[in-house]
Each structure stands twice: as structure tokens, then as C-alpha cells.
Amino acid sequence: IRRIPFVYNVKGTLIPAFETEILRVALTNSPTEIISNNSEIEQINAGGLTFSTDQSGSAWIHFSDRPNTIIISAEAVLSGDVSEGFFTNKIVLLGVTAVGIADYTPSPTGQNLSSLSLHAQALDSMLTGTLLSHSHLSTSIEVIFFLIIGLVLIWVANSYAALELTVAFAILCWSIILVSWGSFSYQKLLIDPTLALILTLSLYPVSYTHLTLPTKRIV
């Protein structure tokens, strides 16, 4: 699981999802607002907070190895080990996490998280403003990368030798990775490097083979 819906379409009626309803009740108890352009959802306002979504009303969770959540067993609460007022001004999710009872799902961090933990991390991303996004800007950057890589490799292969082609190949691969990582780390913007990397890895051997093919000279 990488993203969650903020609303569901139930027989033509838009219904707030679990996280959306939790924030609405916990923060303001005001109605959830859906901001759309024609038939595409752009933003959702829940509990006074506005979240950008894709056209279907879903958003990408920013998973973390060290989330801002606290897990406390029911036994600790019932036995009085938790101090009075500990849950004041906190959103508390109740559920089971025992293996064999709870549903566990792989996450992008490599951890298997229970459904309760997934909801908690989603709420944490929403409250801290760290939800990820994949907008039309992301798609444009991916297409531009695709075109630049093709043109650069073709130009280098026709103008320079194998060494320059190898250097260009290495620079392009690292540039793709660094741009994708930087946009994720600093802008919370998802840029998929897969297509650009596949093109680079495909064009490089073809271009290199073109450089090293023996040529016949007719006298």
C-alpha cells in the first residue's frame, strides 16, 4: 500500500474515508469539502486542513521507519500503567495488532505494517503536512527527462567516441536518480525515474554497439 483514498464513491454518493472522517470529528466537526475541476478531484478539506489529491481523491502516504505514533497495549491501560490525561488532545485509534488476527501489509519502507499502523501513519502525514504528491508537474518532468536522454545519447554517439558515451551514460543515470530523490526529500514530489532509466539502459548498449561496429571501406 502506497496511497489511500480520502473519499469513496458508493453508488454515486461520495463518502469520506476513515482518515478524512477522523480528522473532521477530531478537529472541527465541520462538513468535509471536495474541491474539483469538472469531474476530477483536486483537493479535499477535512477538519479545516486542505489536502491535494489525484483525480480520484487519493493521496500518497509518506511512510517512515520512525513514525510519530505511540503504541500502547490495552493491558497497560486497563492495569493503570498509563498516566491520567495521557490521551488528552491526542487522536487514539483502537484495534488489534496480534499476528494471525490483524491484517499485515508490506509498506515502501520494507516493513509489514498492521492496518492500524497504516491508518496511524496516514493520519500522521496528514497532520504534519508531509503527504506526497504526484501532479501534472511530475508527469511533465518525466516526459522531459525521457526526451532529453534520448537526444543526448544519440548526439554523443554520433559526435564522440566510446569513452564520452560512457561518461554521458553515467551522468544521465545519476542525474535521474538525484532529481527523483531530491524532489522526494525536499519537495514531497514523486518523480518516477523508471521510464527514464529504462530508456538510458536500453539506448546505451545500442549506441555503444553502433560505435564499435567494424566499418568496411571500399577502395
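For 186, 160, give the ranking by accessible area with the largest first, probe 1.4 Å.
Working: 186 160, 160 105 Å².
Of 186, 160, the descending order of accessible area is 186, 160.
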Normalised by the residues of the chain, what does the relative contact order come to in percent, with Cα pairs under 8 Å and at least six apart? 16 percent
Any chance you could look up the accessible area of residue 103 with a 1.4 Å probe, heavy atoms only, rounded to 10 Å²? 110 Å²
Rounded if a/c is under 1.5, else prolate if a/b beats b/c, else oblate: with a ≥ b ≥ c from the C-alpha gyration tensor eigenvalues square-rooted, which is region 84-143? oblate
Quote to one decimal, in nm, the extra length available between residue 162 and residue 96 on full extension: 0.36 nm per residue of separation minus the C-alpha distance between them. 17.8 nm
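For region 77-216, what is the charge dipole size about the Cα centre, in debye to the nearest 20, if Lys and Arg each add +1 at the Cβ and Asp and Glu each add -1 at the Cβ?
About 420 debye.
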In degrees, nearest ten, helix 162-187 long axis to first principal axis of the chain (Cα): 20 degrees
Any chance you could look up the accessible area of residue 23 with a 1.4 Å probe, heavy atoms only, rounded to 10 Å²? 0 Å²
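Quote to one decimal, in nm, the extra length available between residue 195 and residue 138 on full extension: 0.36 nm per residue of separation minus the C-alpha distance between them. Intermediate results must be reported in sequence, preceding the final value.
Working: separation 57, 0.36 × 57 = 20.52 nm, distance 1.27 nm.
Gain in length upon complete extension: 19.3 nm.
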Taking 7 Å along the Cα-to-C-beta vector as the label spot, tell me the residue 14-residue 104 distance in nanometres, rounded to one decimal. 3.7 nm
How long is the gain from residue 170 to residue 82 if the chain were fully straight, where each residue apart is worth 0.36 nm and the alpha carbon distance is subtracted? 26.2 nm
DSSP loop (so not H, G, I, E, B), at most 12 other Cβ within 10 Å: list which GluC sites (Glu not before Pro) in region 22-118 pass both filters. 84
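Which order do 3, 24 take when ranked by solvent-accessible area (1.4 Å probe, heavy atoms of all protein chains), largest first?
Details: 3 115, 24 45 Å².
Solvent-accessible surface, decreasing: 3, 24.
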Relative to the first principal axis of the alpha-carbon coordinates of the chain, what is the inclination of helix 136-159, with its axis defined by its Cα atoms, in degrees from 0 to 90 and to the nearest 10? 20 degrees
Not counting ligands, DNA or RNA, and with a 1.4 Å probe, what is residue 87's accessible surface area in Å² rounded to the nearest 10? 80 Å²
Jot down the radius of gyration and Dmax of the chain, Cα atoms only, both in angstrom. 24.6, 97
Using the alpha-carbon centroid of each, what span in Å lies between region 93-129 and region 16-32? 19 Å
For the full complex of protein chains and a 1.4 angstrom probe, list 195, 190, 118 by accessible area with the highest value first. 195, 190, 118
Quick check: the angle from helix 115-128's long axis to the longest principal axis of the chain, C-alpha only, nearest 10 degrees? 80 degrees
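The values are calculated or read from the model by the stated rules, or taken from the named source; none is laboratory data. Keep in mind it's a predicted model, so treat the numbers as computed, not measured. Virtual Cβ from ideal backbone geometry, glycine too; neighbours counted across all protein chains shown. For accessibility, only protein heavy atoms count, side chains too; no ligands or nucleic acids. Shrake-Rupley method; radii C 1.70, N 1.55, O 1.52, S 1.80 Å.
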